[in-house]
Every structure is written in C-alpha cells, then in structure tokens.
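Right, one structure below, let's go through it.
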Amino acid sequence: MLNKLRLKALTPVAAAAVAMAAGAVIAPASAQDKKPIVIGFGQSLTGFLSPNGKQALVGAEIWRDQVNKAGGLLGRQVELKYYDDQSKPDTVPGIYTKLLDVDHVDLVVGGYATNQNAPAMPVVIRKGKTYISLFALDVNSKFKYPKYFSILPTGPNTKTSFTEGFFQVAEAQKPKPTTVALAYADAEFSQNACDGARENAKKGGFKIVYDKSYPPPPKTSDFTPIVQALKAANADLVVVCAYPADSVGIVEAANEIGLKPKMFGGAMVGLQALVFKDKLKTKLNGIVNYETWVPDKKEMYPGTEAFFKEYQARAKTAGVDPLGYYLGGWGYAQFQVLGDAIKGSKSIDDNKIAAYLKSHTFETVMGPIKFGAKGEWADGRMLQVQYHDIKPDANLETWRGMSYQTVLTPSNLATGKVIYPYEKAHQ
C-alpha cells in the first residue's frame, strides 16, 4: 500500500521532494547541526488539479528556502515532505497516515482544494495535529475541530462567499433580473458553493428555475447536455459551481450552443489559472466569476511584488504557471502563517501553535489574515471579477495585468462597473 504513495510523473519542481533533501539550502552550522523541522502534506502534482497544486508547491518552496537562508525556525532548518495525491481524494488518508505514522513529520498542512482536504481531516483529528488547509471550502463545518485553520479569503460566511458578489451585482441592475439557474458538480466543493448560491438567491429575492447536479469528470466529459438544459431554462442568471475540467467544458459548450443569460459565472474553479485563461481566451468575455487575488495596486501588500518576482523567475524552469497569481502567493502565505506561529509560540507543539494562530493577526504577501470561528477568516476578501475585451491574440502580457478584468466586489477593492448584460461584454 505504501509503495503506491510514491510520487509519480514528477515535474522538475516536484522531483526535489522525493527525499528529505527538500530543504537543501545552505544554512549556518548551528542550524545544520540540529534536527530539522519537517512539515508534511499531500499535494496535487498530477491530475486535473495539478496546474494549481504545482503553483502552491512553488510558493511553499520559496518560503522554505528563504527561511532556511535566514537561519531556519527556532534555530533549526525546515524540510518539506510531500507526496502527490494525483488529484484523487481517496489517496489522501493514506498519505497523511504515512506522513504521521511512518515518516513521523513534526507538523502537517493541507494540500490544495476542498476535495483533498476533507478526507485528511479524520487522520489529522485522530492525531491531534494543528492543520492549516489551502483553499478548502467549509470543510470544518462538519468536524468542528478546534485546531483547524483555513487559508481561503471567504470570511466567516464560507459557502455564500463564492457567489455573494455575483448576486450583489445582479441586484443592482435595472430592471433587476428575477430568475436563476444553478448547475454544479456532485462533489464536496461544488455542493458547498451551490448551497451558498441558493442562500444568496433567496436573500436577493431571485426565483430558482433550474437546480441540478452532474457527475464530476471523468464521469462527465460531454457538457453539451448540461448547457442545453441551462439554455432551455431561460433564466436571467446562470450560476455554475465547478472544478477546472468541468468549468472549462461548460464555458466551451456555452460558446458553442450560444448560451446568453443576462449574467453568467459564479463559482467556477479553474478560470483563475493561466493555463485555462490561455485555452479559453475570448470565450471568457462577459463571465462574472470569483477570483481570490488580482495584480491591482490595491492588493499589493508588503512583500507581494518581491514574492511574485521570485516565483516568476523560478517558474521559467519549473514547468508551472508562469505568473502564479491564483495559488502561488497563497501557497507561500499558508507557510508564512505557520512559520510566524512557530516563531511566535517558540514551539512546534501543535497545541501552542494553534493557540497562537487563534490569537494573532498575520501579515502575509496576500494581505492580513486573522482567523475567526471554525478556523475560517474573521473578515473575507473574496473578489467577484468580470472578464472583458480579451482578444484572440491574448498572451502572457495580457494575463499579467488588469486590462482584461474588472473587480466588481467588494466595493473597497472594486476597479470598475459590470458590463451588462453578458452578451454585451461577450461580443
């Protein structure tokens, strides 16, 4: 069983982590002489989540290298021990069991995505470990684990956060749209996000005229029937809650069939990643969808520019997203928070680290983070963005900036107004 957990099809980024040599940065002799602090996790390095998982890994490695160059934590070097979960949730319990029972890592954190964090929780809870997840939507609502902390800018109202801005924008239109169609994958994240969309629709006084799930990929590979059903519902608003493969499939099918609601988007994971932006290009025009960070001047915090400069330099040879805007910075921030908690508590004891995490605000390259109830953020910063004016020749320089996207919500981070209806921006 344990042999199956070996890393497969490693990229240059991942290959460095097969052995404990992952922390191989020259450090002062005093730190080198001590036993390293080993942090373990699973990460999606192959499979449909890997474009995002690889970004997060580069961010984590940059943090590790910088910390070790500065002398480590508590006078000890830091090593990362990780395994490829292959984007398959059923591999995750075995990975965390191995990390804790066989590798005897000191600390663990979560890999990328809701579907990968939820199955880690029973193992982590059984071992009493502090756990910082990465982009996991509301997974602690069922566990209520006191040593859980989330790196995801949802705020305390987790499920509603992904589509709250979408419905706020819709409510502000005159005349106000009245009906909504919901489509979502039958998977943990999509179900949670769609629960939130229903709540937002009810709060805004919208009538739901279509509300159906579909089997997630690879069980579903043809999204034409799904989009045909959405078109037949003839709703003013179409909200989709999906992971990368189905998000791309639905956008492509919508363009082929001619889906033309007044607003289209919501909680489609994948559209934030460069590989999918570059694949879809003009097909993105008009879509209103969530983003977690954009390179606007309002979102440049201490260390942000320096981090992305380092990330982008490494990305050239690492075979990863060349910008790293979606997960690179957050992968770094996840470890920034853990590192600061280790330093602040002066310990690698899980209970002391958890107590510190609960009582302090952390300054990161992605902005300040303070944890609230259930380990979620006390205050959210989820964005709703509209893509527009994307040309067929859009390239890396396009995606590097803000010319093709407008932040619509929250109001304090907004950069402009929505182009409404969808068809007007989609032309």
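The values are calculated or read from the model by the stated rules, or taken from the named source; none is laboratory data. Quick caveat: nothing in here was measured; it's all calculated off a predicted structure. Quick reminder, even Gly has a Cβ in these numbers, built from the backbone with ideal geometry, and neighbours come from all protein chains shown.
Numbers at a glance
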item: Residue list for the range 309-336, filter: part of a helix (DSSP H, G or I) and buried (at least 23 other Cβ atoms within 10 Å of the Cβ); result: TYR311, GLY328, GLY329, TRP330, GLY331, TYR332, ALA333, GLN334, PHE335, GLN336
item: Lone unmet requirement of (1) surrounded by 23 or more Cβ atoms within 10 Å (Cβ to Cβ); (2) in a loop (DSSP other than H, G, I, E, B) for PRO295; result: (1)
item: Test result for CYS241, on the phi < 0 side of the Ramachandran plot, outside any helix (DSSP H, G or I) and at pLDDT 95 or above; result: yes
item: Which listed residue, of GLY111, GLY40, is small (Gly, Ala, Ser), at pLDDT 95 or above and closer than 19 Å to PHE143 by Cα; result: GLY111
item: Residues located in the range 358-367, provided they are free of Cβ contacts under 8 Å to residues at least 60 places away in the same chain and either under 18 Å from TRP63 (Cα atoms) or of a type in the set (Asp, Glu) (or both); result: PHE362
item: One residue from PHE308, PHE335, PHE362 being touching a Gly at 6+ places or on another chain (Cβ under 7 Å) and either over 30 Å from PHE166 (Cα atoms) or not basic (Lys, Arg) (or both); result: PHE308
item: Single unsatisfied condition, THR178 versus (1) among the polar types (S, T, N, Q); (2) within 26 Å of GLN228 (Cβ to Cβ); (3) modelled with pLDDT under 95; result: (3)
item: Subset of the range 74-105 (residues that are touching a residue at least 40 places away in the same chain (Cβ under 8 Å), β-branched (Val, Ile, Thr) and farther than 18 Å from THR46 by Cβ); result: VAL78, VAL102, VAL105
item: Residue match in the range 197-219 (condition: touching a residue at least 24 places away in the same chain (Cβ under 8 Å), under 20 Å from GLN427 (Cα atoms), of a type outside the set (S, T, N, Q) and in a helix (DSSP H, G or I)); result: no
item: Qualifying residue in the range 106-115 (condition: in the same structural domain as ILE39 (by TED's automatic domain parsing), in contact (Cβ under 8 Å) with a residue 60 or more places away in the chain, touching a Pro at 6+ places or on another chain (Cβ under 6 Å) and buried (at least 24 other Cβ atoms within 10 Å of the Cβ)); result: yes
item: Index of the failed condition, TYR148 passing every other in (1) without any contact (Cβ under 8 Å) to a residue 24 or more places away in the chain; (2) closer than 22 Å to ALA187 by Cα; (3) not polar (S, T, N, Q); result: (1)
item: Test: residue in the range 345-357 that is assigned to a helix (DSSP H, G or I), free of Cβ contacts under 8 Å to residues at least 60 places away in the same chain, surrounded by 21 or more Cβ atoms within 10 Å (Cβ to Cβ) and in the same structural domain as TYR82 (by TED's automatic domain parsing); result: no
item: Residues satisfying the stated conditions in the range 298-308, i.e. under 12 Å from GLY329 (Cβ atoms) and either touching a strand residue (DSSP E or B) at 6+ places or on another chain (Cβ under 9 Å) or surrounded by fewer than 18 Cβ atoms within 10 Å (Cβ to Cβ) (or both); result: GLU299, MET300, TYR301, GLY303, THR304, GLU305, ALA306
item: Residue in the range 257-264 that is modelled with pLDDT of 95 or more, buried (at least 24 other Cβ atoms within 10 Å of the Cβ) and in a helix (DSSP H, G or I) present; result: no
item: Subset of the range 380-418 [among the hydroxyl-bearing types (Ser, Thr, Tyr), surrounded by 14 or more Cβ atoms within 10 Å (Cβ to Cβ) and farther than 17 Å from PRO295 by Cβ]; result: THR409
item: Residue match in the range 181-192 (condition: in contact with a strand residue (DSSP E or B) (Cβ under 7 Å, 6 or more places away or on another chain) and surrounded by fewer than 16 Cβ atoms within 10 Å (Cβ to Cβ)); result: yes
item: Which listed residue, of PHE162, PHE206, is assigned by TED's automatic domain parsing to the domain that holds ASP236 and within 16 Å of MET382 (Cβ to Cβ); result: PHE162
item: Residues of the range 38-87 that turn out to be in a strand (DSSP E or B), out of contact with any Asp or Glu (no Cβ under 9 Å at 6 or more places or on another chain) and among the basic types (Lys, Arg), as a count; result: 1
item: Identity of the residue in the range 220-238, assigned to a loop (DSSP other than H, G, I, E, B) and touching a helix residue (DSSP H, G or I) at 6+ places or on another chain (Cβ under 9 Å), that ends up surrounded by the fewest Cβ atoms within 10 Å (Cβ to Cβ); result: ASP222
item: Residue in the range 114-129 that is in a loop (DSSP other than H, G, I, E, B), touching a helix residue (DSSP H, G or I) at 6+ places or on another chain (Cβ under 8 Å) and either modelled with pLDDT of 95 or more or over 26 Å from GLY380 (Cβ atoms) (or both) present; result: yes
